[in-house]
Amino acid sequence: MKFIQTIILTLLTTFTFGQTFGQTLKEEIGSIYNFKPSKLTDKERELKMPGLDKFWEKVKGDTIQYLPQLRSELKKNGHNPFFYYDGSGLLLSLTSNRTDKELAIEAIAKCDLDDISQKIYVKTLNGLANEGFDVTEPAIKILYADNFSFFIPQHAMTFNQGYCLTYMLLPQPTTNYVDKLTAIFSSLKPASQKSIITTLWFAYTCKGDLFLNSIMTDKTLDKEVSEYAKNIMGYTKLGKDQQEYIKIIGKDQLNNLRIDALKRFSDEAIGELDMTTRVQRKENSCH
């Protein structure tokens, strides 16, 4: 009898501790992630860093107990949007599990783009897309942000919204995103519409081209948008050097060049992506 009572007491204690632990972690997240980085000065953000570092160290120091709780909180709604971004980064640093990566993608989609590094956001989703994950939801989120872009000092170039969208979506199957882009097109501002046009041109699908052709003659759109569609659809010619280069390399090498270009953020990579798209469009006709 005493043995049974001991077991019951142990179970109750464990259950109570588990509840307390769960509540404690949730409360800790609420107390640490209680700010919007975009609303703080550089000095104020710097003062917040030790608390974030300590939280990361705590979870990393005892993943057996804290990792399940981190997953649970990332699944829930209602936290500060910055937690979903930073907490996803923490999760991705701790595991390569496919389910965890899918959870991180879902959580990232809940962040506030004003509060995060646009460069890291794009590179993270680009990396996951290249691994075979569907990142469409967080990717199209940037279409609702003004002036979404980042600067690359090494190449003295701005990676604009159109390039950002392209690099997050193109590594995926086109079935993941073409229909979604065309569905939301009319609800967006002209700048974001042009970003969709850029992505659909690089993606080159018959369905996407049919949509782009319709834009060219759509009188209800901003003239700048329809003109951009018309201009980009006219980008078919290859330079003499490009033609010579294509003769030297085979089709497989050309495809590999395209895949590799979508993993590098530079003007050279954009140039390679542009060239392979023109070749693809020249060799394959939807008509």
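The values are calculated or read from the model by the stated rules, or taken from the named source; none is laboratory data. The structure displayed is predicted, hence computed values, not measured ones. Reconstructed Cβ throughout: ideal geometry from the backbone, glycine too, with neighbour counts over all protein chains shown.
Here are the numbers for the structure shown:
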| item | result |
| --- | --- |
| Region 194-235 - residue that is acidic (Asp, Glu) and in a helix (DSSP H, G or I) and, of those, nearest to the chain's Cα centre (by Cα) | ASP209 |
| Failed item, numbered, when ILE142 is tested on (1) assigned by TED's automatic domain parsing to the domain that holds LEU52; (2) in contact with a Phe, Trp or Tyr (Cβ under 8 Å, 6 or more places away or on another chain); (3) part of a helix (DSSP H, G or I) | (1) |
| Pick from region 254-273, criterion small (Gly, Ala, Ser) and not in a loop (DSSP other than H, G, I, E, B), ranking: modelled with the lowest pLDDT | GLY271 |
| Selection within region 119-174 - among the polar types (S, T, N, Q), more than 21 Å from TYR204 (Cα to Cα) and under 14 Å from the mean Cα position of the chain (by Cα) | THR124, SER149 |
| Sole exception among (1) surrounded by fewer than 19 Cβ atoms within 10 Å (Cβ to Cβ); (2) among the hydrophobic types (A, V, I, L, M, F, W, C); (3) touching a residue at least 24 places away in the same chain (Cβ under 8 Å); (4) closer than 20 Å to ASP267 by Cβ for ALA156, by number | (3) |
| Count - residues of region 47-69 that are crowded, with 16+ Cβ neighbours inside 10 Å and in contact (Cβ under 8 Å) with a residue 40 or more places away in the chain | 2 |
| Residue match in region 173-188 (condition: in the same structural domain as THR205 (by TED's automatic domain parsing), outside any strand (DSSP E or B) and closer than 21 Å to GLU268 by Cβ) | no |
| All positions within region 25-46 that are surrounded by fewer than 12 Cβ atoms within 10 Å (Cβ to Cβ) and over 24 Å from SER117 (Cα atoms) | GLU27 |
| Of all residues in region 275-287 being assigned to a helix (DSSP H, G or I) and in contact (Cβ under 8 Å) with a residue 60 or more places away in the chain, the one that is nearest to GLY127 (Cα to Cα) | THR277 |
